[in-house]
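*Asks:* One structure coming up, written as structure tokens, with questions to follow.
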Amino acid sequence: MGFDVVLYNQEDEELEFFELSEDFHSIIFNPSMLWKSYLELRKLSDYYLTDEIFSGEKLARLISDLERYQLSIPSAWKGAYTQLIRKLSKSTVAKVHIAGD
């Protein structure tokens with residue numbers, strides 16, 4: 001099982017639900033990479049304890065962290081990573097809930 005990601009609109013209605021696999025999480029939070037310097041991104045580092053809600057400026061900072069961090073993602077995972085950024089960046093998305101196992 002992976003991270004559950006739920007996207008909500010301004011009216012707090014669910015727009016989309018998807019899962020980020022454990023393998024994808026491991027790629028992002030590889031111990032040899034510098035993810036700890038990204039303040040919002042690092043909140044997702046604990047695969048089992050993560051339960052975060054991002055909205056407003058906090059969501060904007062997460063998207064910014066993901067965009068800046070994408071240079072660290074292996075090429076085999078770039079497509080999935082870019083797709084994640086696109087989903088979170090949609091203008092209809094007002095809130096994102098990300099929870100681990």
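The values are calculated or read from the model by the stated rules, or taken from the named source; none is laboratory data. All figures in this text were calculated on a predicted structure; none of them were measured in a lab. FYI the Cβ positions are ideal-geometry reconstructions off the backbone, even for glycines, and counts take in every protein chain you see.
*Asks:* Can you pull out the residues in the range 18-50 that are of a type outside the set (A, V, I, L, M) and assigned to a loop (DSSP other than H, G, I, E, B)?
*Replies:* The answer is Ser21, Phe29, Asn30, Pro31, Ser32, Tyr38, Glu40, Ser45, Asp46, Tyr47, Tyr48, Thr50.
*Asks:* Can you name every residue in the range 37-58 that is free of Cβ contacts under 8 Å to residues at least 40 places away in the same chain and out of contact with any strand residue (DSSP E or B) (no Cβ under 6 Å at 6 or more places or on another chain)?
*Replies:* Those that are free of Cβ contacts under 8 Å to residues at least 40 places away in the same chain and out of contact with any strand residue (DSSP E or B) (no Cβ under 6 Å at 6 or more places or on another chain): Ser37, Tyr38, Leu39, Glu40, Leu41, Arg42, Ser45, Gly56, Glu57, Lys58.
*Asks:* Further question: Considering (1) within 18 Å of Val5 (Cα to Cα); (2) touching a helix residue (DSSP H, G or I) at 6+ places or on another chain (Cβ under 8 Å); (3) in a helix (DSSP H, G or I); (4) not charged (D, E, K, R), say which one Gly79 fails and leave the rest.
*Replies:* (2) is the only condition that Gly79 fails.
*Asks:* Same structure, new question: Six or more apart or on different chains, Cβ atoms under 9 Å: show the pairs whose first residue is in the range 79-100 and at pLDDT 95 or above and whose second is in a helix (DSSP H, G or I) and among the small types (Gly, Ala, Ser).
*Replies:* Pairs that qualify, where the first residue is at pLDDT 95 or above and the partner is in a helix (DSSP H, G or I) and among the small types (Gly, Ala, Ser), are Ala94/Gly56; Lys95/Gly56.
*Asks:* Of the conditions (1) surrounded by fewer than 16 Cβ atoms within 10 Å (Cβ to Cβ); (2) closer than 24 Å to Tyr8 by Cβ; (3) touching a residue at least 12 places away in the same chain (Cβ under 8 Å), Leu34 clears all except one; give me its number.
*Replies:* The number of the failed condition is (2).
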